[in-house]
Amino acid sequence: MRFVDEYRDPAVARALSAEIHALVADTGTVRIMEVCGGHTHAIYRHGLEDLLPPEIELVHGPGCPVCVIPMGRVDDAIAIAETGGVTLATFGDMMRVPGGRGSLLEAKARGADVRMVYSPLDALALARREPDRHVCFFAIGFETTAPATAITLRRAREEGAANFSVFCNHVLIEPPLRAILETPGLRVDAFVGPGHVSSVIGSDRYSFIPEEYGRPVVVSAFEPVDLLQAIAMLVRQRAEGRCEVENQYTRVVRPDGNPRALEAIAETMEERDDFEWRGVGVLPRSALRVREPFARWDAERLFTIPGARIEDPKACRCGEVLTGQIKPWECGVFGTACTPEQPLGTCMVSSEGACAAYFSYGRARRRREEAPVGA
Ligand code: SF4
């Protein structure tokens, strides 16, 4: 297939749906976690849940880069932005994430210089254009976006940029997956592996899931036919008694990933043990910091950063949403005190957040209507 229409072909989607219906007759209920928030949005945008039999239950995973940022790191970014002569540059979604002292957008309204950029290289260009200011890039994202930050750090070194730094919040996909797999009473039978992350790290990196935890993985792309095919592949594995890593996204993902991107990350960043995940806590070796040879461009070495850990609001259940323990509509403030316009938690902010997906595509309304009276 070459064109996007082909990945949305209703006839192909119906055939895959029929195959899944036939396969579950042998397998029974299968709980499938789609790791990536991009998959969650594709599933609900295209109404794929309606093409699946009731035996397939979709569980949403931790793969939304904005959702996993804790309130304390937002406050750290605000502290940097409020430093005299500093411009904090970041992605648009990140500006709306609530911290203990409000969001970056609110800090901007109070007078801090916070600007939206589309890439770390844009932030470096901003530093070049405004030599009298120090531009700090608030870097977030999984292995997918870390290579762009790595290349920007290399570029900053080549240029000898004196007024640029990176506040590094890049996270890694394996530690949260292990944390989920080690949760007592885990009720996930199989995983749809993230497509974008896998284009960097490769599909082989998930082999620990079938080997150590006995769950199959299929790495998937993002179109409706892709996702239905990935689910069919998972159910077929179960029906045939297999448990392995398969790759549906062969047009982009290689078993060993992208060696040049991995090399750029390894040269500029290293694993850290102290990173807190929103609603999950500190996970060892789950994030990246800037390496010593690039210390000149490391905001955590250049600025005094509060580094405070801040409890999520009591009503916020983002941690449980991110680890697949509850569905977004089970959070008591979903759609009332927490909406995309006034988010209380991160999962409602991001274009990849599960709560935002449910809210945007009206799934919660239907679920609530289906729930028994008094539930
Ligand atoms: Fe978090 Fe809001 Fe979702 Fe509740 S509804 S889990 S507070 S994002």
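The values are calculated or read from the model by the stated rules, or taken from the named source; none is laboratory data. What you are looking at is a predicted structure, and each value in this text was computed from that prediction instead of being measured. In this analysis, Cβ positions are derived from the backbone assuming ideal geometry, glycine residues included, and neighbour counts consider all displayed protein chains.
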Worksheet item: Counting just the residues of segment 121-142 that are of a type outside the set (Asp, Glu) and surrounded by fewer than 19 Cβ atoms within 10 Å (Cβ to Cβ), which one comes out nearest to CYS67 (Cα to Cα)?
Response: LEU121
Practice prompt. List the strands (runs of 3 or more DSSP E) that sit entirely inside segment 143-237 and contain at least 3 residues that are surrounded by fewer than 22 Cβ atoms within 10 Å (Cβ to Cβ).
Written response: none
Worksheet item: Looking at (1) in a loop (DSSP other than H, G, I, E, B); (2) in contact with a Gly (Cβ under 7 Å, 6 or more places away or on another chain), which is the one condition that is false for GLY319?
Response: (1)
Discussion item. Being out of contact with any Leu (no Cβ under 6 Å at 6 or more places or on another chain), over 30 Å from ILE32 (Cβ atoms), of a type in the set (Ser, Thr, Tyr) and in contact (Cβ under 8 Å) with a residue 40 or more places away in the chain is the requirement here; does THR145 meet it?
Written reply: no
Worksheet item: Which is part of a loop (DSSP other than H, G, I, E, B), out of contact with any Cys (no Cβ under 6 Å at 6 or more places or on another chain) and farther than 21 Å from GLY193 by Cα, of PRO284, PRO255?
Response: PRO284
Item to complete: Name, by its number, the condition in (1) farther than 30 Å from PHE164 by Cα; (2) touching a strand residue (DSSP E or B) at 6+ places or on another chain (Cβ under 8 Å); (3) not aliphatic (A, V, I, L, M) that does not hold for CYS338.
Response: (2)
Worksheet item: Which residues, counting only those in segment 337-362, are without any contact (Cβ under 8 Å) to a residue 60 or more places away in the chain and more than 9 Å from the ligand (Cβ to nearest atom)?
Response: PRO340, GLU341, GLN342, GLY362
Fill in: Residues satisfying the stated conditions in segment 311-365, i.e. charged (D, E, K, R) and out of contact with any Cys (no Cβ under 7 Å at 6 or more places or on another chain)
GLU311, LYS314, GLU320, LYS327, GLU330, GLU341, ARG363, ARG365
Worksheet item: Given the conditions (1) buried (at least 20 other Cβ atoms within 10 Å of the Cβ); (2) under 23 Å from ALA148 (Cβ atoms); (3) at pLDDT 90 or above, which single one is not true for CYS318?
Response: (2)
Discussion item. Which of the numbered conditions does PRO255 fail, given that it passes all the others? Conditions: (1) out of contact with any helix residue (DSSP H, G or I) (no Cβ under 6 Å at 6 or more places or on another chain); (2) closer than 22 Å to LEU181 by Cβ.
Written reply: (1)
Worksheet item: Considering segment 79-103 alone, what residues qualify as being over 20 Å from ASN163 (Cβ atoms) and in contact with a helix residue (DSSP H, G or I) (Cβ under 6 Å, 6 or more places away or on another chain)?
Response: MET95, ARG96, VAL97, GLY99, GLY100, ARG101, SER103
Item to complete: Output the number of the condition that ASP26 fails; it satisfies all remaining conditions of (1) in contact (Cβ under 8 Å) with a residue 12 or more places away in the chain; (2) surrounded by 15 or more Cβ atoms within 10 Å (Cβ to Cβ).
Response: (2)
Item to complete: Specify which of the listed residues (ALA261, ALA230, ALA156) is in contact with a Leu (Cβ under 8 Å, 6 or more places away or on another chain) and over 25 Å from PRO70 (Cα atoms).
Response: ALA156
Worksheet item: Can you tell me which residue in segment 313-324 is nearest to ARG101 (Cα to Cα), limited to those that are more than 8 Å from the ligand (Cβ to nearest atom) and in contact (Cβ under 8 Å) with a residue 60 or more places away in the chain?
Response: LEU322
